[in-house]
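For reference, the structure discussed in these notes is given below.
Every number here is computed from the coordinates shown, using simple stated rules; none is lab data. Just so you know, these numbers come straight off a predicted model, no measurement behind them. Cβ: placed from backbone, ideal geometry, glycine included. Neighbour counts: every protein chain shown.
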Amino acid sequence: MYTGILMKRGLKLLISVIVITAIAMSFSNFLILGDKSEGEPVVQALGSITFCDRPLSLTRPLYFVSGRLFVPLIEIVTEMGGKVVFEDESYILKWQTGSFAIDATEEDGLYRQLCYINDIPYIYLYDLANICGLCAVFDSDNNKVSLYRYKQLKAYAPDNSDLEKAYIRLEDIVADYGTGGNFTDEGLEKLRGMADYFASRNQVFHIAWIPYFKDPENRIENDLTDNFDFYNAGFIYTLDYLVSRGGRIVIHGYTHQYGDTKSAIGTEFGPNDHLTPDEIRSRMKEAKRIAEALGFESNSFEFPHYSFTKTSVEIAEEIFDTIAMQYPYAGKYGKVETVYSPLRGITTYIPTPLGYLDSLDRVEDMINSINTSPAWEFKGLFIHPYIDFKSIEFQDAPAGFRVMSYDINGIIPRLVERITDTGYRFSQMD
């Protein structure tokens, strides 16, 4: 059986291709060609969507497009009580008391551009949620997404540009199918809530993301550019959510493991990992490829556990512009260093001299360090975000709303409050 697939990038170009449909593991595999020579993988997603706990009766299928969940634009908006009309080369999405125009001839203003499948316009779920003021709750065990009305946190410090720059990095974010207990569907929703908090306080955060999850003992490997399912769609949705709220991607190794160790546990490029220069280069380039294939920044890198060799540092300098660690040959500890090599070009090193924030008690220690450190010393730190998940709660509320609460005594709220009092703000450093 042959199926015609049509896709339009930015609603400017319509290209038709004929592909062979292959049925495997309850999915239909397609290839869509856009405005570039390479195609994007498109896989039919067998699942369901609810709106305010009401199942939506969609007659058209859902699709994973390069891993992201796309939904039929006109049908889903209509099912939720809105309307979509086509006027003057634009789709006009009418929702409640407002409307949003997706221009057919100019930039459409979406996070990911519309695609056409069998002449039907499909929209990325994140864009739909963003336009309509909704939040998405993923239930990957049941291949289900629940949409609710969502009130964004009000901006508390909209202008803090006069404050000095500091740096925070959220460490070891990985699509591990929830096996570590931290990045389950619930954990990823809380991570999105944390991003909302940072954005409401006008704080920039960095995301130390491990591109490829590997657990040799349990024979689990997860490549987001190859494994298309509801968990991975929820994880990519979360990364998109974080980036759109000020998060900056830092590639944290390739697998962040070596041999039989599990991702985020082992090292990868250190003296005990016994990789050849070609293997080091291959891993770093593959990590960069995954980031670029998903449309993320790929120029910043962090060595797992800060473990490296002279060779792995030199190769990282070839491939990346920024390395998140102390420059190995720095004259002073704690300074941001920009170095130049005739062979490798310019590389900026961003250290975290304040160290690892592992508890609420450590917040005041770090503030004291800021107050007593030399003016030239960089104010950088890192934290595992899941240690503060207990401070974040989501609850369903009347009229189909989902409400987030973040305990003001949580680690992140307390840290942001105290570092602001000290005259600093978390900022972009790359």
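Provide the percentage of antiparallel DSSP beta bridges, counting only those with both residues in the chain; round to the nearest 5.
The antiparallel proportion sits near 70 percent.
Helix-only mean residue ellipticity at 222 nm, the chain, DSSP H runs n ≥ 4 weighted -39,500 (n - 2.57), per residue, nearest 500. What is it?
Details: 8 runs with 96 residues, N = 430.
Counting only the DSSP helices, I get -7000 deg cm²/dmol.
Calculate the FRET efficiency for D141 and D119 from the Cβ-Cβ distance with a Förster distance of 51 Å, rounded to the nearest 0.05.
Working: r = 33 Å, r/R0 = 0.66.
After rounding, the FRET efficiency stands at 0.95.
Going highest first, how would you order 231-241, 258-268 by mean Cβ packing within 10 Å?
Working: 231-241: 24.2, 258-268: 19.6.
Ranked by mean Cβ neighbours within 10 Å, highest first: 231-241, 258-268.
Rounding to the nearest 20 debye, state how big the charge dipole of the chain is about its Cα centre with +1 on each Lys and Arg Cβ and -1 on each Asp and Glu Cβ. Display every interim value, and only then the final one.
Working: 40 positive and 60 negative charges, 94 e Å.
Charge dipole of the chain: 440 debye, to the nearest 20.
Given F100, C115, S57, which one lies farthest toward the positive end of the charge dipole of the chain, if we put +1 on the Cβ of every Lys and Arg and -1 on the Cβ of every Asp and Glu?
Of the listed residues, the answer is F100.
Could you check the spin-label model distance between T78 and L56? Points 7 Å from the Cα along Cα→Cβ, value in nm.
1.3
With everything on Cα atoms, drop me the angle between helix 277-293 and the longest principal axis of the chain, reported from 0 to 90° to the nearest 10.
Roughly 40 degrees between the two axes.
For region 254-275 and region 381-416, write down the distance between their C-alpha centroids in whole Å.
So the separation of the two Cα centres works out to 32 Å.
Sorted by packing (mean other beta-carbon atoms within 10 Å per residue), highest first, where do 181-188, 246-253 land?
246-253, 181-188
Starting with the highest mean, order 76-86, 209-219 by the number of other Cβ atoms within 10 Å, averaged over the residues of each peptide.
209-219, 76-86
Return the distance in nm (one decimal) between the two label points of a simple spin-label model at S405 and S244, each offset 7 Å from Cα along Cα→Cβ.
Here the modelled spin labels are 2.7 nm apart.
Of F205, T347, I249, which is farthest on the positive side of the dipole of region 154-426, counting Cα position, with +1 on Lys and Arg Cβ, -1 on Asp and Glu Cβ, and the Cα centre as origin?
The residue sitting most towards the positive pole is T347.
Please give the contour-minus-distance gain from Q96 to L153: 0.36 nm per residue of separation, less the Cα-Cα distance, rounded to one decimal in nm.
18.5 nm
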